[in-house]
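Only one structure is covered here, and it is reproduced in the block below.
The values are calculated or read from the model by the stated rules, or taken from the named source; none is laboratory data. Remember, it's a predicted structure, so these values are computed and weren't measured experimentally. So basically every Cβ, Gly included, is an ideal-geometry build from the backbone, and we count neighbours across all protein chains shown. Note: areas computed on protein heavy atoms with side chains; ligands, DNA, RNA excluded. Shrake-Rupley method; radii C 1.70, N 1.55, O 1.52, S 1.80 Å.
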Amino acid sequence: MPSIETEGLTKRFGSLTAVDHLNFDVEAGEIFGLLGPNGAGKTTTIRMLASLISPSEGYARVSGHDVVKESLKVREIVGILTENPSLYDRLTAYENMEFFAEAYGITDRVERRDRIRELLELFDLWERRDDKAGNFSKGMKQKLAITRAIVHNPEILFLDEPTSGLDPKSSKDIRDLMEELSRRENQTILLSTHRLEDADRLCSRVMIIKDGGSVVVGSPEELRNKIAGTPLLEIRLRKADERIVRSVEALEQVSAVSLDADPGRMLISLDDVEAATPLVVRSVVEAGGMVLSVNVVEPSLEEAYLKLVGGDSE
Amino acid sequence: MRIEKALLVFRKDWREISRNWQVLMPILVVPLLFTVAIPAAIILIPGLMNAPTSSTAFLGLMVENLPGQIQAQLSGMDENQVMIYVMLLYFIAPFFLVIPVMASSVIASDSFAGEKERKTIEALLATPITDGELLFGKALVSFVPSMLVTGGSFLLYSATVDLLTYEMFGRLLLPNLEWVLLIFGLAPTVSLAGIGLTVMISARVKGFKEAQQISAVLVVPILMMLFAQASGVMLFGPLMVGALTLVFILVDILLFRLGVKIFRREKILSQR
Ligand SMILES: Nc1ncnc2c1ncn2[C@@H]1O[C@H](COP(=O)(O)OP(=O)(O)OP(=O)(O)O)[C@@H](O)[C@H]1O
Ligand SMILES: [Mg+2]
């Protein structure tokens, strides 16, 4: 049984269709990424899956429970990091955690205290536990909100832009945490993000949505290769000139060469990078080029993404 | 309904409110005005200056129109005593309905609309707490402090009145049966009606301020009517106070039925 399954999942706000007939499954233990430009419907999708709002059409099941008919059960087993940190500014970090831990059913006092301590220490917030959440910095609030989302060890975790506002170290901590939760605890994680490197690194599969509809689903690798194209060869020279470019272009395996604004950088499209690289390098050298470095440049998920959503992300 | 979940919401809101001066100020200052400042003025000022004759004439006219039962209470008092007695025991009474309504609606708008405005509602609605538990916890946190304030105000008011008038009347004026019924019967039911209305308004608006404004527009006219009636009701004695309490119990039931219908988590989040 998939951990999350949707069929024809749709949400309308008046005449606007925010989410339009989404069909996707997420397997247990998977980290599934939801990508898409602003207003694509990521947050709305997550809200429906977390039983916060109900679909206008279609259905979704989370761990086998219907998000409409068994909404209480769904809310018990999922954890959610909402788009806004949604913390009580007048309560301290500890009081915030205490409230949510109990709301999520951790009724035993000692267990609750230990769990909160463990998590706050993990995020370097334990020392600040008695400070009002309202006095926290943006990133600290985000970390506290993530702590809240996982306090009850949910089977399924929804994270709406988890690394927004975080410094590089904290972002890495969160990524490590997600990997650990998915690998060790077999938690299913659905995350929405604008950081394509994160999605690339973490997700076993991503879905790109636009105007509420799914554009493509697949592993980051599939999307990179299929959509952004094959890898490119990058050669840096001490000095590049037309003669070198022409001699490379003359090779049979080369389909295109571009000389970068950066004076000595050539980007070469090849049908088969591995096989053709030695030939290309030899012809550059023979044409008198002084080679500084040779690299294979993988297309990024970003390129694939930009091709798909038409470049108007962020 | 799991009562411990409702109480959890209650405790959380209680903590928040006790640190929120925007909420605490009005519910502490207004009662102090009614319980200490106004009665002290009524008692002390006529003694300091001689009451102007026009007001004495007005008072005489008013006293003539009082029900016989009260006229009997007034027999043997001098003019000054009559004025103080009628003012303190009857004409101030309606203010003691303002206190619970004001307190409960200030807290309820903070608790419902305020939580929406501060965007904390989403995480709250994501928890496995049901609509009923949430509504009950929040109604309770609006009701309990407002009753504490009302009860405290009554104690303070009785003390002020008795302290300042004992010498003049030779007996304790408060508490009496009408007042006990007013504070422990009518005030709670009126307060519940205020909560019911505020919950309904809060579900429809964006924030605390807006909820307060609409409450003011809706509540003030109702209060005015109450005002006009309450002195009369007090004058007509305990039975009338009891009857009005019953009427408000019915109003409460109606309002809460409606409130439960309107309070749907889906709606609260879908609104912008
Ligand atoms: N409660 C609501 N009422 C009306 N329209 C809404 C509501 N919530 C979302 N929308 C609309 O639905 C669309 C999708 O919004 P959503 O918040 O899901 O986008 P998103 O993909 O999360 O965007 P972002 O990357 O900016 O967070 C937007 O056009 C938005 O204006
Ligand atoms: Mg969003």
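Do the conditions hold for A:Ile77, that is, is it within 11 Å of ligand 1 (Cβ to nearest atom), under 14 Å from A:Ile189 (Cα atoms) and open to solvent by less than 40 Å² (accessible area, probe 1.4 Å)?
Working: within 11 Å of ligand 1 (Cβ to nearest atom): no; under 14 Å from A:Ile189 (Cα atoms): yes; open to solvent by less than 40 Å² (accessible area, probe 1.4 Å): yes.
The answer is no for A:Ile77.
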Tabulated pairs, the stretch A:73-86, first facing another protein chain (nearest Cβ under 7 Å), second among the aromatic types (Phe, Trp, Tyr) and in a loop (DSSP other than H, G, I, E, B), C-beta under 9 angstrom, 6+ apart or interchain: A:Arg75/A:Tyr104; A:Glu76/A:Tyr104
Failed condition for A:Leu191, given (1) outside any strand (DSSP E or B); (2) at pLDDT 90 or above; (3) in contact with a helix residue (DSSP H, G or I) (Cβ under 9 Å, 6 or more places away or on another chain), with all others met? (1)
Kindly list, by first and then second residue, each pair from a residue in the stretch B:1-18 that is more than 10 Å from every other protein chain (Cβ to nearest Cβ) to a residue that is open to solvent by less than 70 Å² (accessible area, probe 1.4 Å) and not in a helix (DSSP H, G or I), limited to pairs with Cβ atoms under 9 Å and residues at least 6 apart or on different chains. B:Met1/B:Thr130; B:Arg2/B:Ile129; B:Arg2/B:Thr130; B:Ala6/B:Ile129
Do any helices (runs of 4 or more DSSP H) entirely within the stretch B:47-161 hold 1 or more residues that are at pLDDT 90 or above, and if so, which? B:95-109, B:121-126
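Applying the selection to the stretch A:125-138, what residues are assigned to a loop (DSSP other than H, G, I, E, B) and either open to solvent by less than 30 Å² (accessible area, probe 1.4 Å) or touching a helix residue (DSSP H, G or I) at 6+ places or on another chain (Cβ under 9 Å) (or both)? So that I can check it myself, show each step before the final result.
To start, the set of residues in the stretch A:125-138 that are assigned to a loop (DSSP other than H, G, I, E, B) comprises A:125, A:129-131, A:136-137.
Those that are assigned to a loop (DSSP other than H, G, I, E, B) and either open to solvent by less than 30 Å² (accessible area, probe 1.4 Å) or touching a helix residue (DSSP H, G or I) at 6+ places or on another chain (Cβ under 9 Å) (or both): A:Leu125, A:Arg129, A:Asp130, A:Asp131, A:Phe136.
Could we say that A:Thr10 is open to solvent by less than 10 Å² (accessible area, probe 1.4 Å), over 27 Å from A:Lys132 (Cβ atoms) and within 14 Å of ligand 1 (Cβ to nearest atom) here?
Numbers: open to solvent by less than 10 Å² (accessible area, probe 1.4 Å): yes; over 27 Å from A:Lys132 (Cβ atoms): yes; within 14 Å of ligand 1 (Cβ to nearest atom): yes.
For A:Thr10, the condition - open to solvent by less than 10 Å² (accessible area, probe 1.4 Å), over 27 Å from A:Lys132 (Cβ atoms) and within 14 Å of ligand 1 (Cβ to nearest atom) - is met.
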Can you find a residue that is of a type in the set (A, V, I, L, M, F, W, C), touching a strand residue (DSSP E or B) at 6+ places or on another chain (Cβ under 9 Å) and surrounded by fewer than 16 Cβ atoms within 10 Å (Cβ to Cβ) anywhere in the stretch A:260-269? yes
Residue pairs qualifying under the 8 Å Cβ cut-off, at least six apart or on distinct chains, with the first in the stretch A:27-55 being over 21 Å from A:Glu303 (Cβ atoms) and assigned to a helix (DSSP H, G or I) and the second being within 8 Å of ligand 1 (Cβ to nearest atom) and among the charged types (D, E, K, R), are A:Thr43/A:Glu83; A:Thr43/A:Asp160; A:Thr44/A:Lys11; A:Thr45/A:Lys11; A:Ile46/A:Asp160; A:Met48/A:Lys11
If you go through the stretch A:155-207 one residue at a time, how many are of a type in the set (Asp, Glu), in contact with a strand residue (DSSP E or B) (Cβ under 9 Å, 6 or more places away or on another chain) and either away from ligand 1 (no atom under 16 Å from the Cβ) or at positive phi (or both)? 4
Selection from the stretch A:197-212 of residues that are away from ligand 2 (no atom under 16 Å from the Cβ) and modelled with pLDDT of 90 or more: A:Asp200, A:Arg201, A:Leu202, A:Cys203, A:Ser204, A:Arg205
Identity of the residue in the stretch A:27-62, within 14 Å of another protein chain (Cβ to nearest Cβ) and away from ligand 2 (no atom under 14 Å from the Cβ), that ends up farthest from B:Arg265 (Cα to Cα): A:Val62
How many residues does the stretch A:81-92 hold that are open to solvent by less than 10 Å² (accessible area, probe 1.4 Å) and either within 16 Å of ligand 1 (Cβ to nearest atom) or within 19 Å of the chain's Cα centre (by Cα) (or both)? 3
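Kindly indicate whether any position in the stretch A:110-124 is touching a strand residue (DSSP E or B) at 6+ places or on another chain (Cβ under 8 Å), modelled with pLDDT of 95 or more and open to solvent by less than 30 Å² (accessible area, probe 1.4 Å). Explain how you work it out, then say what you get.
Kept after step one, since they are touching a strand residue (DSSP E or B) at 6+ places or on another chain (Cβ under 8 Å), are these residues of the stretch A:110-124: none.
No; the residues of the stretch A:110-124 include none that is touching a strand residue (DSSP E or B) at 6+ places or on another chain (Cβ under 8 Å), modelled with pLDDT of 95 or more and open to solvent by less than 30 Å² (accessible area, probe 1.4 Å).
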Subset of the stretch A:139-171 [more than 15 Å from A:Leu190 (Cα to Cα), assigned to a helix (DSSP H, G or I) and within 14 Å of another protein chain (Cβ to nearest Cβ)]: A:Lys141, A:Gln142, A:Leu144, A:Ala145, A:Thr147, A:Arg148
Residues within the stretch B:78-126 that are in contact (Cβ under 8 Å) with a residue 24 or more places away in the chain, away from chain A (no Cβ under 14 Å) and more than 15 Å from B:Ala139 (Cβ to Cβ), tallied: 21
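Which of the helices (runs of 4 or more DSSP H) found entirely inside the stretch A:217-296 contain at least 1 residues meeting this: in contact (Cβ under 8 Å) with a residue 24 or more places away in the chain and hydroxyl-bearing (Ser, Thr, Tyr)?
On the way: elements: A:220-223, A:242-249, A:273-286.
Fully inside the stretch A:217-296 and qualifying: A:242-249, A:273-286.
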A:Arg195 fails exactly one of (1) without any contact (Cβ under 8 Å) to a residue 40 or more places away in the chain; (2) surrounded by fewer than 17 Cβ atoms within 10 Å (Cβ to Cβ), namely (2)
Based on what the data block shows, is A:Ala18 within 14 Å of chain B (Cβ to nearest Cβ) and within 16 Å of ligand 2 (Cβ to nearest atom)? yes
Identify, by number, the condition in (1) small (Gly, Ala, Ser); (2) modelled with pLDDT under 95; (3) within 16 Å of ligand 1 (Cβ to nearest atom) that A:Ala145 doesn't meet. (2)
